[in-house]
Amino acid sequence: MLKKQFLLIALFPVMGMTSCEKFLDEKPDIKLVVPKSLDDADLLLNDYSTMNDNYPLYGELGNDDYFLTKELWEAASDIDQRNAYVWADVPYEDVSQWRNPYKTVYNANQVLEILAKNTAYNKDKRFQRISGEAHFFRAFAFQFLIEIYCVAYQAGTAADEYGIPLRLDPAIDEPSSRASLKDSYDQVIQDYKTAATSLPDQNEFVGRPFKASAYAGLSRAYIAMGDYAQAYAYADSCMLLYAGLLDFNTLDPSNSLPIPRFNREVLFPAVSKYTGIMNAEYCFVDTVLYRTYAADDWRKTVLFEASNELEGAFHFKGNFDNATGNLFVGLTTSEVFLNKAESAVRIGKVSEALSAMNQLLKTRWKTEAFSDWTETDPERLLMMIVAERRKELVFRGRRWADLKRLNLESRFQKKLVRKLGDKEHQLEPNSPKYAYRLSEIVINLSGIPQNKR
């Protein structure tokens, strides 16, 4: 009943006059339409399609882990996706890329408003859990928006760069304004830290975060900010609570989707909106990337399969959501292992970086085929870890954010190239186009400034 009432409220502004009159003839029961109890708050967070699903795809559409043929690109029906693929600096119309995370934020803010009116229960474990979940969801959604629509974080300039609108209450009438990139990340960090203090060590509800999830989120945020000491600390905190890995030796690479949903590595499940041109059965894995997987690396056959459409090409089949129509973009222990390893070597903890990588890779290679890494030169080891990060997190919503932060270092800079027939499109390192244009609908309705070009 609660969801039905919210649907009526959401549709009310666009109903015809006759429908409005019939609706107004009915005397509403306000208790059914205004969420105010802890039960209502739990129901809002239980809306999986809003809280865990339909996260933006821009960013991944522009990464270098896949390619399309000219014929496939031209056949794609979604113009915005075609433009995103070649980093076209043209107006974009798809407002859902921006709107969907803010729906998550709106629900989280509603929950926090409910809790603010029920402070008599603030010592209750359920109250604390719900508070932690709401702060986590808001942080996760904000961070996703930042990664797509903002430039790479640099401490010296972040206060002067555009961030995102930080909606911190459910009011919908107040005008929006873009916070700075620094303030935007500060809010993400604050929300994740609040979540970490409130969430339980384990969560009985599938799809909800727990304490280790918040630590993983903090590690993801800090590594994007280039704060490797903090990224290391929170990756370590996460692994002390939970560090389960999926042993690829137990998977059947002949399956069309070998990786089970909600597997033991998933710290928080989240998926993108429909992939379109990035559909696993449509696009092709970057050929150079595919060749970097060794023959004894299970990922070569678990994550990929030969294409029937293009000789010598491969499709991706290693979706952590066990699906083909969207991308898994949530948090996993394998990402945390990589965060810890990269951060560790950057702050001089070489042995800890090696330990994290060896633990992870033993679960990816065929039994007895893997030999522990022994490289102790920090520069060479960092290069190995960064290369391994791309191989492990392929099609997992991380490559775009990684490209942005790594492009700030000359040793990792990469010019992206798309070839469509005789035409070539390029994206230079640190191009302002790494911050995708906001939908023109958003700009026109809100009046907030467009990204700089």
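The values are calculated or read from the model by the stated rules, or taken from the named source; none is laboratory data. Everything quoted here is computed from the prediction, not taken from an experiment. Virtual Cβ from ideal backbone geometry, glycine too; neighbours counted across all protein chains shown. Accessible surface is based on the protein model in full, side chains and every heavy atom, while ligands, DNA and RNA are left aside. Shrake-Rupley method; radii C 1.70, N 1.55, O 1.52, S 1.80 Å.
Counting only residues that are at pLDDT 95 or above, of a type in the set (A, V, I, L, M, F, W, C) and open to solvent by less than 60 Å² (accessible area, probe 1.4 Å), how many does the stretch 30-56 have?
The qualifying residues number 5.
I'm trying to understand the selection: among the residues of the stretch 40-62, which are in a loop (DSSP other than H, G, I, E, B) and among the polar types (S, T, N, Q)? Show your work before the answer.
Start the filter on the stretch 40-62 by keeping residues that are in a loop (DSSP other than H, G, I, E, B), which leaves 46-47, 52-54, 56-59.
Within the stretch 40-62, Asn46, Asn52, Asn54 meet the criteria.
Could you tell me whether the stretch 377-386 includes any residue that is in a loop (DSSP other than H, G, I, E, B) and either in contact with a strand residue (DSSP E or B) (Cβ under 9 Å, 6 or more places away or on another chain) or within 19 Å of Glu335 (Cβ to Cβ) (or both)?
Kept after step one, since they are in a loop (DSSP other than H, G, I, E, B), are these residues of the stretch 377-386: 377.
Applying the additional criterion that residues be either in contact with a strand residue (DSSP E or B) (Cβ under 9 Å, 6 or more places away or on another chain) or within 19 Å of Glu335 (Cβ to Cβ) (or both) yields none.
Looking through the stretch 377-386, none of the residues is in a loop (DSSP other than H, G, I, E, B) and either in contact with a strand residue (DSSP E or B) (Cβ under 9 Å, 6 or more places away or on another chain) or within 19 Å of Glu335 (Cβ to Cβ) (or both).
Give me the residue from the stretch 412-422 that is among the charged types (D, E, K, R) and either in contact (Cβ under 8 Å) with a residue 24 or more places away in the chain or in contact with a strand residue (DSSP E or B) (Cβ under 9 Å, 6 or more places away or on another chain) (or both) and, out of that set, least open to solvent (accessible area, probe 1.4 Å). So that I can check it myself, show each step before the final result.
Looking only at the stretch 412-422, we keep the residues that are among the charged types (D, E, K, R), and these are 414-415, 418-419, 422.
Then keep just the ones that are either in contact (Cβ under 8 Å) with a residue 24 or more places away in the chain or in contact with a strand residue (DSSP E or B) (Cβ under 9 Å, 6 or more places away or on another chain) (or both); that gives 414-415, 418-419.
On the way: Lys414: 71, Lys415: 95, Arg418: 8, Lys419: 141 Å².
Top of the filtered list is Arg418.
If you scan the stretch 396-409, which residues turn out to be within 15 Å of the chain's Cα centre (by Cα) and either closer than 22 Å to Ser431 by Cβ or open to solvent by less than 10 Å² (accessible area, probe 1.4 Å) (or both)?
Residues of the stretch 396-409 that are within 15 Å of the chain's Cα centre (by Cα), as a first pass: 396-404.
Result: Gly397, Arg398, Arg399, Trp400, Ala401, Asp402, Leu403, Lys404.
Per-residue answers, yes or no, for (1) open to solvent by 10 Å² or more (accessible area, probe 1.4 Å); (2) outside any helix (DSSP H, G or I); (3) in contact (Cβ under 8 Å) with a residue 60 or more places away in the chain; (4) of a type outside the set (Asp, Glu):
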site: Asp64; (1), (2), (3), (4): yes, yes, yes, no
site: Asp80; (1), (2), (3), (4): yes, no, no, no
site: Trp87; (1), (2), (3), (4): no, yes, yes, yes
site: Val105; (1), (2), (3), (4): no, no, yes, yes
site: Val111; (1), (2), (3), (4): no, no, yes, yes
site: Gly132; (1), (2), (3), (4): no, no, yes, yes
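Among (1) open to solvent by 10 Å² or more (accessible area, probe 1.4 Å); (2) assigned to a helix (DSSP H, G or I), where does Gly217 come up short?
That leaves (1) as the condition not met.
Give the number of residues within the stretch 225-237 that are surrounded by fewer than 22 Cβ atoms within 10 Å (Cβ to Cβ) and part of a helix (DSSP H, G or I).
The qualifying residues number 6.
Quick check, is Tyr242 modelled with pLDDT of 95 or more, open to solvent by 40 Å² or more (accessible area, probe 1.4 Å) and touching a Leu at 6+ places or on another chain (Cβ under 9 Å)?
Numbers: modelled with pLDDT of 95 or more: yes; open to solvent by 40 Å² or more (accessible area, probe 1.4 Å): yes; touching a Leu at 6+ places or on another chain (Cβ under 9 Å): yes.
So Tyr242 fits the description; yes.
Give the stretch 159-199 a look and list any residue that's surrounded by 16 or more Cβ atoms within 10 Å (Cβ to Cβ), in contact with a helix residue (DSSP H, G or I) (Cβ under 8 Å, 6 or more places away or on another chain), in a loop (DSSP other than H, G, I, E, B) and not small (Gly, Ala, Ser), or say none.
Within the stretch 159-199, Glu161, Ile164, Pro165, Leu166, Arg167, Pro170, Leu199 qualify.
Checking the structure you have, find out if any residue of the stretch 384-392 is surrounded by fewer than 18 Cβ atoms within 10 Å (Cβ to Cβ) and in contact with an Asp or Glu (Cβ under 6 Å, 6 or more places away or on another chain).
For the stretch 384-392, residues surrounded by fewer than 18 Cβ atoms within 10 Å (Cβ to Cβ) and in contact with an Asp or Glu (Cβ under 6 Å, 6 or more places away or on another chain): absent.
Going through the stretch 330-368 one residue at a time, which ones are buried (at least 24 other Cβ atoms within 10 Å of the Cβ) and acidic (Asp, Glu)?
Matches in the stretch 330-368: Glu335, Glu342.
Can you tell me how many residues within the stretch 281-292 are open to solvent by 10 Å² or more (accessible area, probe 1.4 Å) and either in contact with a helix residue (DSSP H, G or I) (Cβ under 7 Å, 6 or more places away or on another chain) or modelled with pLDDT under 95 (or both)? Steps first, answer last, please.
As a first pass, look at the stretch 281-292 and keep what is open to solvent by 10 Å² or more (accessible area, probe 1.4 Å): 281-282, 286-288, 290-292.
Those left that are additionally either in contact with a helix residue (DSSP H, G or I) (Cβ under 7 Å, 6 or more places away or on another chain) or modelled with pLDDT under 95 (or both): 281-282, 292.
Going through the stretch 281-292 one residue at a time, the tally reaches 3.
Please enumerate the residues belonging to the stretch 82-104 that are among the aromatic types (Phe, Trp, Tyr) and within 15 Å of the chain's Cα centre (by Cα). Write out each step before concluding.
Initial filter on the stretch 82-104 (among the aromatic types (Phe, Trp, Tyr)): 85, 87, 92, 98, 102.
Selection gives Trp98, Tyr102.
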